[in-house]
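This report concerns only the one structure given below.
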Amino acid sequence: MARGRAPGYDDQREMILARAATLFADRGYPATSMNQVAEACGVSKALLYHYYRDKYSLLVSIAENHVSRLTDLVEDHALDNLPAQARLREMIRRFVTEYAGARHAHRVLTEDVKFLEDADRKRVLDKERTVVAAFAGVVLELRPELQQAALAKPLTMLLFGMINWMFIWMRADGQIDYEDMAPVVADLFLGGLSAVSTEPRPARPVAQEA
């Protein structure tokens, strides 16, 4: 008969992932050792290996868990009944507040995904593409003519540029918190969205060879 997991097993795994994400974000994945992870978690190295077989498995779990949570946020059927603009605002709010508690995991996702093996990296990047496609789809609902101009995805990536790097400059003890910033991001993006021109861009002059 298989042995069941001890009470608190899942909580311990999550704690280890959170501490490892902090170390990877601060030191970089290559420069972090399993000894340092064990020390940060206050557990022995032997116990750490009971939960994760190596440093690479920690990296995979951090990246995949984080991007899976983001995918869940945009695939929530509760969004289906919202008008397009309200849906985009709610998606922005969810992402900004999610990042508030997962900034280390997000930094790992954005900076250390290059260390993943091909199959693992593809799985993570496919989920990222799902997230981008969900946002781009709402942008197209608001401005269908962007399809012809091939601007829906570039505008979506500009939106993510605002959201993704807030953890660089936002301070936990600042006057404005993540919940306050979410409508600001939405206002800035939606207020500027209507001004984006879909007129054909002039051809660039061809550089002459020296």
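Computed quantities for the displayed model
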read-out	value
Filter result (modelled with pLDDT of 85 or more, among the aliphatic types (A, V, I, L, M) and either buried (at least 16 other Cβ atoms within 10 Å of the Cβ) or touching a strand residue (DSSP E or B) at 6+ places or on another chain (Cβ under 7 Å) (or both)) within region 155-180	155, 159, 162, 163
Candidate set from region 70-89 (those that are assigned to a helix (DSSP H, G or I) and among the acidic types (Asp, Glu)); member that is nearest to residue 120 (Cα to Cα)	72
Every pair of residues 6+ apart whose Cβ atoms lie under 6 Å, when the first sits in region 144-172 and is in contact (Cβ under 8 Å) with a residue 60 or more places away in the chain and over 16 Å from residue 88 (Cα atoms) while the second is buried (at least 16 other Cβ atoms within 10 Å of the Cβ) and of a type outside the set (Ser, Thr, Tyr)	167/103
Unique residue being closer than 19 Å to residue 110 by Cα and at pLDDT below 95 when the list is 96, 60, 67	96
Matching residues, region 42-74, being of a type outside the set (Gly, Ala, Ser), surrounded by fewer than 17 Cβ atoms within 10 Å (Cβ to Cβ) and more than 17 Å from the chain's Cα centre (by Cα)	45, 47, 49, 50, 53, 54, 56
Where residue 67 falls short, out of the listed (1) of a type in the set (A, V, I, L, M); (2) more than 30 Å from residue 160 (Cα to Cα); (3) in a helix (DSSP H, G or I)	(2)
Residue list for region 130-144, filter: crowded, with 16+ Cβ neighbours inside 10 Å and charged (D, E, K, R)	143
Region 21-39: number of residues that are aliphatic (A, V, I, L, M) and in contact (Cβ under 8 Å) with a residue 40 or more places away in the chain	2
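Each row is one residue, and each column tells you yes or no for (1) of a type outside the set (S, T, N, Q); (2) within 20 Å of residue 108 (Cα to Cα).
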position: 16; (1), (2): yes, yes
position: 24; (1), (2): yes, yes
position: 28; (1), (2): yes, yes
position: 33; (1), (2): no, yes
position: 45; (1), (2): yes, no
position: 76; (1), (2): yes, no
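The values are calculated or read from the model by the stated rules, or taken from the named source; none is laboratory data. The structure displayed is predicted, hence computed values, not measured ones. With ideal geometry, Cβ positions are generated from the backbone for all residues, glycine too; neighbour counts draw on all protein chains shown.
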